[in-house]
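Participant: Sharing a structure below in structure tokens format, with a few things to ask.
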Amino acid sequence: MEYFNVYNKYGEKTDEVIERNEAHKNGTSHRVIHLWILNSQNELLVQQRSSNKESGANLWYVSVGGHIECNESIENTLIRETNEELGLDISPLISSVEYLYTFKDTLIENNGTFIDSEFYDVFVLKANFDINQITMQKEEVQAVKYISYDEFKNIVVNQDKSFWQHKIAYKMLLIALDEFCSNKTS
């Protein structure tokens, strides 16, 4: 069983802890990470979520996404989730992971039986991973690929339905990645 710290509407941690299924049944706010992996060709690694997922099934999504477990550090979550979902060990690169921003989103799926109320802490890692190095966790991920940054911009602007959309948050992501990329080249 997974347990999460509970957060209030302002993103502040409370003294409460909740089990994963209960959090999604009640829409209790908790935290997750998004890690975008950007290679030296300015391509983003994206994953296609498993058809068995309760939310976003079969949709293309962030490189790595996952829940921050009760009292787990963000660094440990980033390392654990990247290893679980993609079979990649980023622990030697953890100091290169950069925080971009946090956003809040609530998603209601499965006729209201799954309420995803989450604060997303968004990070980027500039690293080159060969697709052949990736070992997908089949319960979570059914495919991975690199897409150009320009292609991702088009996905966001056109709200491509094959990609899980966080409309405002992805516009924030484009601004943050534009700044990140310009800082890395200057």
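Participant: Does THR106 satisfy being β-branched (Val, Ile, Thr), on the phi < 0 side of the Ramachandran plot, surrounded by fewer than 15 Cβ atoms within 10 Å (Cβ to Cβ) and at pLDDT below 95?
Facilitator: Yes, satisfied.
Participant: Which residues, counting only those in the stretch 73-88, are under 20 Å from LYS145 (Cα atoms) and touching a residue at least 24 places away in the same chain (Cβ under 8 Å)?
Facilitator: Those that are under 20 Å from LYS145 (Cα atoms) and touching a residue at least 24 places away in the same chain (Cβ under 8 Å): LEU78, GLU81, THR82, GLU84, GLU85, LEU86, GLY87, LEU88.
Participant: So, one more: May I ask you to list pairs of residues, at least six apart or on different chains, whose Cβ atoms are under 9 Å apart, with the first in the stretch 7-29 being of a type in the set (Val, Ile, Thr) and the second being surrounded by fewer than 14 Cβ atoms within 10 Å (Cβ to Cβ)?
Facilitator: Final answer for the pair search is THR14/ASN8; VAL17/ASN71; ILE18/ASN26; THR28/GLU16; THR28/GLU22.
Participant: In the set VAL6, VAL64, which member is aliphatic (A, V, I, L, M), over 19 Å from LEU173 (Cβ atoms) and modelled with pLDDT of 95 or more?
Facilitator: VAL6
Participant: Output the number of residues of the stretch 28-62 satisfying the condition of being exposed (fewer than 15 other Cβ atoms within 10 Å of the Cβ) and more than 23 Å from MET136 (Cα to Cα).
Facilitator: 0
Participant: Restricting to the stretch 8-27, what's the tally of residues that are surrounded by fewer than 20 Cβ atoms within 10 Å (Cβ to Cβ) and either assigned to a strand (DSSP E or B) or among the β-branched types (Val, Ile, Thr) (or both)?
Facilitator: 6
Participant: Can you tell me which residue in the stretch 38-54 is nearest to ASP116 (Cα to Cα), limited to those that are of a type outside the set (Lys, Arg) and in contact with an Asp or Glu (Cβ under 8 Å, 6 or more places away or on another chain)?
Facilitator: Taking the candidates together, the pick is GLU54.
Participant: Report yes if THR113 is closer than 26 Å to ASN5 by Cβ, crowded, with 16+ Cβ neighbours inside 10 Å and either modelled with pLDDT under 90 or among the β-branched types (Val, Ile, Thr) (or both), otherwise no.
Facilitator: When the stated conditions are applied, THR113 does not pass them.
Participant: On to the next question. Name the single residue that is nearest to VAL141 (Cα to Cα) among those in the stretch 164-176 being buried (at least 17 other Cβ atoms within 10 Å of the Cβ) and touching a strand residue (DSSP E or B) at 6+ places or on another chain (Cβ under 7 Å).
Facilitator: Among residues in the stretch 164-176 that are buried (at least 17 other Cβ atoms within 10 Å of the Cβ) and touching a strand residue (DSSP E or B) at 6+ places or on another chain (Cβ under 7 Å), the one nearest to VAL141 (Cα to Cα) is TRP164.
Participant: Can you confirm whether GLU69 is of a type in the set (Asp, Glu), modelled with pLDDT under 95, touching a helix residue (DSSP H, G or I) at 6+ places or on another chain (Cβ under 8 Å) and not in a strand (DSSP E or B)?
Facilitator: Judged against the criteria, GLU69 is not a match.
Participant: May I pose another question? Where in the stretch 97-186 are there strands (runs of 3 or more DSSP E), lying fully within it, with 1 or more residues that are among the β-branched types (Val, Ile, Thr) and farther than 18 Å from GLY56 by Cβ?
Facilitator: Result: 98-109, 114-126.
Participant: Quick one: which of GLU81, GLU75 is in contact with a Leu (Cβ under 9 Å, 6 or more places away or on another chain), among the charged types (D, E, K, R), closer than 26 Å to ASP178 by Cβ and at pLDDT 95 or above?
Facilitator: Selected residue: GLU81, the only one of GLU81, GLU75 that is in contact with a Leu (Cβ under 9 Å, 6 or more places away or on another chain), among the charged types (D, E, K, R), closer than 26 Å to ASP178 by Cβ and at pLDDT 95 or above.
The values are calculated or read from the model by the stated rules, or taken from the named source; none is laboratory data. All values reported here derive from a predicted model rather than from experimental measurement. All Cβ positions, even for glycine, are placed from backbone atoms using ideal geometry, and neighbour counts span all protein chains on display.
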